Amino acid sequence: MADVPILSLTTFLPLVGALFILLIRGEQEAVARNAKSVALWTSVITFVVSLFILTGFDPSNPGFQMVEEVAWLPAFNIAYIKGVDGISIWFVLASTLLTPICVLASWDAVEKRVKEFMIALLVLETMLIGMFTALDFVLFYLFFEGVLLPMFLLIGVWGGPNRVYAAYKFFIYTFIGSVLMLLAILAMYLTAGTMDMRVMVDYPFAGNMQIWLWLAFFIAFAVKTPIWPAHTWLPFAHVEAPTAGSVMLAGVMLKMGGYGLIRANVQMLPEASFFFQDLVFFMSIAAIIYTSLVALAQSDMKKMIAYSSVAHMGYVSMGIFAMNQQGLDGAMFQMLSHTFVSAALFLCIGVAYNRLHTREMAAYGGMAKNMPRYAVVFAIFMFASVGLPGTSGFVGEFLTMLGVFQVSTWYGMLSATGLVLGAAYMLLLFRKLFFGKLDKPEVKAMQDLSPREVAFFAPLVAIVIIMGVYPASFQNVYNPTVEKILADHQVSLKAAGLIEAVAPATAELRTETPATQPASEN
Amino acid sequence: MEIAAIFLPLAGAFIAGFFGRLIGDRGAQIVTCAGVLIAAVLSVILFIKVGFGGPEAARTVELFTWIDSGTFEVSWSLRIDTLTAVMLVVVNVVSSMVHVYSVGYMSHDPHRARFMAYLSLFTFMMLMLVTADNLLQMFFGWEGVGVASYLLINFWYEKKSANDASMKAFLVNRVGDFGFALGIMAIYMIFGTVEFDGIFAQAASKADATFNFLGWEVHALTCACLLLFIGAMGKSAQLGLHTWLPDAMEGPTPVSALIHAATMVTAGVFMLARMSPVFEYAPTALEVVTYLGAATAFVAATIGLTQFDIKRVIAYSTMSQLGYMFFAIGVGAYPAAIFHLMTHAFFKALLFLGAGSVIHAMSDEQDMRNMGGIWKLIPGTYTMMWIGNLALAGIPFFAGFYSKDMILEVAYAKHSAAGSFAFWMGIAAAFMTAFYSWRLLIMTFHGKPRASEKVMAHVHESPAVMLVPLVVLSIGALFAGFVAYPWFVGHDMNAFWAGSIVMLTGEHGSIIEAAHHVPGWVPYAPLVAGVSGIVLAYVFYMFSPGLPGAFVNTFKALHAFVFRKYMFDELYDALFVRPAMKLGFGLWKGVDIGVIDGLGPDGAAAVTRRLSLASSRVQSGYVYHYAFVMVIGVVALTGWFILAR
């Protein structure tokens, strides 16, 4: 497999499928049917191909692997470079897994312009994978911006009644961020003389230049993540987006922000990251507490989940900038967990929405009686979202809190309030949908999950539980990379004279910590 | 064997939960009951092996790695030492009896399979909690029992009161868990590990360590222990975080017996006993535990005096007895607390199941004001309730007598302000306990029948499937105290616990030994209090039934305050629930939509729109407008040229 450009193959395979769909002609119904099956097959094959990335990946190597390098604009030191490391590999797989699920979820839900919908979905997949595997900043930027287009269309064409406002809001927010990022990239290019991200990671940018570069990148990624207060586009985008759009948005697109924060801010601009730590903590904690409270006040279930996404991503940004093993590990895990949990929750809402065409919680009630399978699935993801130990949600949340607690007990304590607030709104949502008397005739008429729906929930349930019970299997893939990032970070800070010595992983304590030893008492 | 004892209930839950329709209700009942019964037998064998097998018998079975992040490594493993073995027996025996009982009690419910699955799931989570080898796995079981409790309280999910109660239970417990989680983090910061062996080995060396918590330099172990105690307060319904327990009685009665009396609510006691090697070095934290436990014992007993719902009376009694266990821990007598935990599990489960039998007989009536005069109709249940109440009141030779006396003696023997406070509060609570127990007995079974004739005609003794578990539990309530005394707190104590509980020894040996040297009147004080409580209850409710009403009228305000549970619910609602909702709404409408959107995208869009509107107005299309502007421009330019020169 060594000479097969597996990353490029995975990236562009969906695009090939999209081309095929483009060529489909004929009766409208036949077109729709064929487009759906081509999209499904393409996305499934892409997923299978992407599994080879995982099998070929050597977890013990912290650097970039499966690197493909082709000269592109040699005069400007710009090349087509692709590669994965422990940070990006899971996001590639998350993209390839969620796409077929989205195709299945849109099977009946999308009725108009099915062909174009499927094309948009596949193009989106290409752009996402391309972004996570790009190692040249020009390429990175192209894909990063490229993601915007299909998503803009998904919301603007197939969205709800207020879709145009939502789409523009989404576009304005992300575009402002992108422009700033482009400026930062150009500035870095002019300083370092290359667009190769591998070189940038090691390039020592001057301290005060880092501050400005950091801010530019941070704004771009803060919008994507989203970090409070740049989050107000998200509830609108989610509410208006079709189910598949929401799933991709929450599942993968938000992770572009977190990925970018690690890749650009932490890895390339260590001194500024150190400088801005408190700012990020403050904004993350604000996100956790503030958006949880706002979520509590929602009556639109999709909006509630959207706000909960902001709160959960608050743990991610906080964990990243804790700059210790537990914090960064936890942030990675939280992102992965959120990928599946939020995707599943939006799918769950899609199930109810497809049947009753309203997102008002008050319109439902008592569904535990006529839709027991749906209730069980929803409950599992609700508890995962709440961070119940044994589900994926717990590991990330706990590790990030542990990481931050070691830096500052105040921030650690404030972030732990999410344990209570997060449970409050999720239980409220679940209660309004599933408990109480089943007295609304239209709710009574709703059918339980269909086999197709069970088919796309089953893998998500399995992943969420496996990640909760045996997270080590996921962590092992990125742990060496995380360790290297942190070690590099310490070295840079030391070189800049910001810290005195390379600190140990655990926090400081007034007394010496003797090595743990087995107890003799028992 | 360890694995079977712990995972059989899970297997039962899984089969009954997901294949309930396939195997039918009967199948689900058989599978779950069999799983837990086998687990109960296995845990008794384990108990004998570990409790009497000397110090080498304790073992840890490591399953596989759970979380691995740098120096933070946690495994799934089963730790079986004496403390765990005691809990295994308590949990599995009570749980298996409740399972069997439920077959009869829930026989008319359409969702029997689901009920059995939840019960078994709960049992598994509780077993994970007590066999944990590290704090994080304990947290897994801890939250897991919380979920099972949530599901079971809300078992009749069409009832609004059940919905409310289940959410309240989960959220109040989450507040406790907030403390527990922070406690785990603090422990990790102090010890660099969350595994018990590693923590315990270092505890003594950290006795003087300090660390910075929220800006203050504090004694590290005290801080960590208090945080953990917040977790214990939530789960064990100690004063402040207790409001969920009485409401939890919305669940079916077997649930109240298993979860909200015998096992889950004692998890806090177990956790503190498990962490005894650390708590021993945090005397301030222990003092807090003593005061709070004593206050809980007293306050809960006072509320118990005033309630009319038969299950709520027992619920407040549970809360009160948990207070006893906590102040026993507070004075350092962990074995006494666990002893009381064990005896209490038997007699309180017996009382709840007996109450369930009464409710069953009375066609789902729970208000004691509508009962009475049924003792001849259900003599089996009546006898069982007597045994349970005698044990609860601490009458000699019943189980509660040994454990409650022990606790009061150690409180006295502590010779500290906190200890004395706990002792007197405990004596007062013992008096009230006896009073409300006999108030319950008399109101439920004696006097004139107050129920409607239709209900009275239906009163019937419960079937054997419900009575046999009662008999088994009553054997525990009769003999557990007498038989287990020497091992738990008597001569064989040290060999029995084999280091699974650590007590620092003072001048006169451990606190338990000191308790054997208290003045002669101390052991009799609780007995006197109990007997006078019983006598007073007879006076009030049997011989002169007008007295309670007159009494209430004399102390109207006080009674109303106590009857409304010291207004905790109203206070929390006003302090936390409503403000949170209001704040959420305000932040959404005010800040999110008002400020951020107003200044951000919407503001930018509005400014652009206004600018373009203004500029479009300039392009009016009238020639004279343009000519006018041109003239102005020419004038301005010439003017500038002339003036600037």
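Quick look at the values:
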quantity: In region A:417-444, the residues that are of a type in the set (D, E, K, R) and at the interface with chain B (Cβ under 9 Å from one of its Cβ atoms); calculated: A:431, A:437
quantity: Helices (runs of 4 or more DSSP H) enclosed by region A:356-409 - at least 2 residues per element that are within 7 Å of chain B (Cβ to nearest Cβ), in contact with a Gly (Cβ under 8 Å, 6 or more places away or on another chain) and surrounded by 22 or more Cβ atoms within 10 Å (Cβ to Cβ); calculated: A:392-407
quantity: Output for region B:474-511, where each listed residue is within 27 Å of the chain's Cα centre (by Cα) and farther than 30 Å from residue B:257 by Cα; calculated: B:499, B:502, B:503, B:511
quantity: Yes/no for residue A:306 being touching a Pro at 6+ places or on another chain (Cβ under 6 Å) and farther than 15 Å from residue A:416 by Cα; calculated: yes
quantity: Failed item, numbered, when residue B:582 is tested on (1) surrounded by fewer than 17 Cβ atoms within 10 Å (Cβ to Cβ); (2) within 14 Å of chain A (Cβ to nearest Cβ); (3) within 19 Å of residue B:409 (Cβ to Cβ); calculated: (3)
quantity: Condition broken by residue A:415, with the remaining ones in (1) of a type outside the set (Lys, Arg); (2) under 20 Å from residue B:150 (Cβ atoms); (3) in a helix (DSSP H, G or I) satisfied; calculated: (2)
quantity: Close pairs (9 angstrom Cβ cut-off, 6 or more residues apart or separate chains): within 7 Å of another protein chain (Cβ to nearest Cβ) and farther than 20 Å from residue A:409 by Cα in region B:198-212, of a type in the set (Val, Ile, Thr) and not in a loop (DSSP other than H, G, I, E, B) anywhere; calculated: B:200/B:278; B:202/B:190
quantity: Some residue of region A:269-284 being of a type in the set (S, T, N, Q), touching a helix residue (DSSP H, G or I) at 6+ places or on another chain (Cβ under 8 Å), more than 12 Å from chain B (Cβ to nearest Cβ) and closer than 28 Å to residue B:587 by Cα; calculated: yes
quantity: In region B:152-167, residue farthest from the other protein chains (Cβ to nearest Cβ) [restricted to those that are touching a helix residue (DSSP H, G or I) at 6+ places or on another chain (Cβ under 6 Å) and assigned to a helix (DSSP H, G or I)]; calculated: B:152
quantity: Any helices (runs of 4 or more DSSP H) falling wholly within region A:229-286 and containing at least 2 residues that are more than 22 Å from residue B:600 (Cβ to Cβ); calculated: A:243-248, A:254-260, A:270-275
quantity: Residue in region A:236-248 that is among the polar types (S, T, N, Q), under 30 Å from residue A:359 (Cα atoms) and under 21 Å from the mean Cα position of the chain (by Cα) present; calculated: yes
quantity: Number of the condition not met by residue A:462 [criteria: (1) more than 10 Å from chain B (Cβ to nearest Cβ); (2) crowded, with 24+ Cβ neighbours inside 10 Å]; calculated: (2)
quantity: Single unsatisfied condition, residue B:161 versus (1) crowded, with 22+ Cβ neighbours inside 10 Å; (2) more than 23 Å from residue B:504 (Cβ to Cβ); calculated: (1)
quantity: Filter result for residue B:531 (assigned by the TED database to the domain that holds residue B:425, closer than 30 Å to residue B:336 by Cβ and exposed (fewer than 15 other Cβ atoms within 10 Å of the Cβ)); calculated: no
quantity: Per-region count, region B:54-99, residues of a type in the set (D, E, K, R), within 12 Å of another protein chain (Cβ to nearest Cβ) and part of a strand (DSSP E or B); calculated: 4
quantity: Odd one out for residue A:502 among (1) at pLDDT 85 or above; (2) more than 9 Å from chain B (Cβ to nearest Cβ); calculated: (1)
quantity: Qualifying positions in region B:15-50 - within 14 Å of chain A (Cβ to nearest Cβ) and surrounded by 19 or more Cβ atoms within 10 Å (Cβ to Cβ); calculated: B:16, B:20, B:50
quantity: Hits in region B:100-151 (condition: assigned to a helix (DSSP H, G or I) and among the small types (Gly, Ala, Ser)); calculated: B:102, B:104, B:113, B:117, B:120, B:141, B:144, B:146, B:148, B:149
quantity: Which listed residue is of a type in the set (Gly, Ala, Ser), modelled with pLDDT of 90 or more and in a helix (DSSP H, G or I), from B:434, B:457; calculated: B:434
quantity: So residue B:602, is it in a helix (DSSP H, G or I), at pLDDT below 80 and either out of contact with any Cys (no Cβ under 9 Å at 6 or more places or on another chain) or not assigned by the TED database to the domain that holds residue B:309 (or both); calculated: yes
quantity: Unique residue being in a helix (DSSP H, G or I), over 28 Å from residue B:437 (Cα atoms) and touching a residue at least 60 places away in the same chain (Cβ under 8 Å) when the list is B:572, B:538, B:566; calculated: B:572
quantity: Meets criteria (assigned to a helix (DSSP H, G or I), modelled with pLDDT under 85 and more than 14 Å from every other protein chain (Cβ to nearest Cβ)) for residue A:156; calculated: yes
quantity: Single unsatisfied condition, residue A:457 versus (1) at pLDDT below 90; (2) surrounded by 14 or more Cβ atoms within 10 Å (Cβ to Cβ); calculated: (1)
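Yes/no per residue for (1) buried (at least 24 other Cβ atoms within 10 Å of the Cβ); (2) in contact (Cβ under 8 Å) with a residue 12 or more places away in the chain:
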| position | (1), (2) |
| --- | --- |
| A:267 | no, yes |
| A:276 | no, yes |
| A:279 | no, no |
| A:289 | no, yes |
| A:295 | yes, yes |
| A:299 | no, yes |
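Okay, residues lined up against (1) over 21 Å from the mean Cα position of the chain (by Cα); (2) farther than 28 Å from residue B:476 by Cβ; (3) surrounded by fewer than 24 Cβ atoms within 10 Å (Cβ to Cβ); (4) modelled with pLDDT of 90 or more:
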position: B:60; (1), (2), (3), (4): yes, yes, yes, no
position: B:86; (1), (2), (3), (4): no, no, no, yes
position: B:89; (1), (2), (3), (4): no, no, yes, yes
position: B:122; (1), (2), (3), (4): no, no, no, yes
position: B:126; (1), (2), (3), (4): no, no, no, yes
position: B:132; (1), (2), (3), (4): no, no, no, yes
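The values are calculated or read from the model by the stated rules, or taken from the named source; none is laboratory data. Note that the structure is predicted; figures quoted are calculated from it, not measured. Reconstructed Cβ throughout: ideal geometry from the backbone, glycine too, with neighbour counts over all protein chains shown.
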